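Structure, as structure tokens:
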Amino acid sequence: MSALAQEVASCMQADRNATYLALTSFAVLIYDYSLTFSDEVRYFWTGQWSVPKVLFILNRYVAPIVQMLFVVGLTYNRMRPNVMVLVLLSLSVMTSIVIQAMIVIKIWCLYPKNRVVRAFVFGCFLACNIAMVAETVLVSSILLRGGTGLACGSIPRSAKIWKIFLPNLILHTVLYVVTSWPAFQMFRIGGRAPLLSRLVQDGSMIYGIVFVTALWTTVSGLQTRNISLMISGLYSNVIMVVPSIFVSRLMLRMRSLAASLNLNVNADMLLSAAELSRVRWRPGSRSGEIVVDVYVYEDERVPSPSMTCLGAIEMENMPGIEEEARQYLAELMGARSSTMSDAHASFLIID
């Protein structure tokens, strides 16, 4: 077999693998949508509209459409011009930005009074997405100058393509560290906050999945000589599907938690309430009941009198005060008698 025929066969196999992977991702996305549709109707189709709700709806309905277009573009050769590849790549980047914005809003509510952390997270969000969009424009220009469709000639054989996915990986790392920091501080001082622990667990799961997905996609972009791995990693769009599913699950779990606890707060501000009330709590025996463990130490303190060094003060104009002070001191100290002058009394400070 000649080198050209071998390359064509390799391209066809890579195209087939990418199609199967994209179709599998689309099936998983639809399956998750069918499982969580009732929760979506319950928690997001009622009440006032807000920014997190709009982002959630965009993520839920734009991601399946984009993935379906990827499957169609990979399946039918005549429907794969470079313009369509550019549109698909742009839609994938846009969906990734929406997913990142949902996590940024979660962290924004987690730090209601810390402007430094808010500014840092928002700055990282802007910088990483500007870099991702800029690299997408550069890669798109390469695609527009290439051949037709997703054939091997149109694949940008450049090591720079991995730079599209590197900002996504960096941003998710920063967001995970910022999310875990309050829980780490509570753990260091021996405290316990169930809501924060749940956030860290969900954040760890999302970060782990996104990290593996972004790493695999980035490594695939570096494999310019391995066409099969490169096409499967870049054009199956797994890097958009996986975070979309897990972030949707995170938003639904937070809404479900707010509803199950019957919290008298907006569900969008649940994270802020969790950060401001880091107390020990557990569900009660009845629906919507919360038992909060409060430790009171004031009852263990025994009041003890002490004399001042200010000397005696005149009490002639306040009759009866010296008698009450003398009786209190006699009862507390066990004295049988006390000889206080009727005109003078010592000033008592009761702790």
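Say R0 is 30 Å: what FRET efficiency, to the nearest 0.05, do S90 and W181 get from their beta-carbon distance? Don't jump to the answer; show the numbers that get you there.
Details: r = 34 Å, r/R0 = 1.13.
The computed FRET efficiency comes out at 0.35.
Sorting the segments 34-46, 128-140 by their residues' average number of neighbouring beta-carbon atoms within 10 angstrom, most packed first, yields 128-140, 34-46.
Run the numbers for V51 and V219: contour at 0.36 nm per residue of separation, minus the present Cα-Cα distance, in nm. Intermediate results must be reported in sequence, preceding the final value.
Numbers: separation 168, 0.36 × 168 = 60.48 nm, distance 3.42 nm.
Length difference between fully extended and current span is 57.1 nm.
Every read-out reported here was derived from the displayed coordinates using simple, explicitly stated rules and does not represent laboratory data. Bear in mind the structure is a predicted one, so any value in this text is a computation, not a measurement. Positions of Cβ are backbone-derived with ideal geometry, glycine not excepted, and every protein chain shown enters the neighbour counts.
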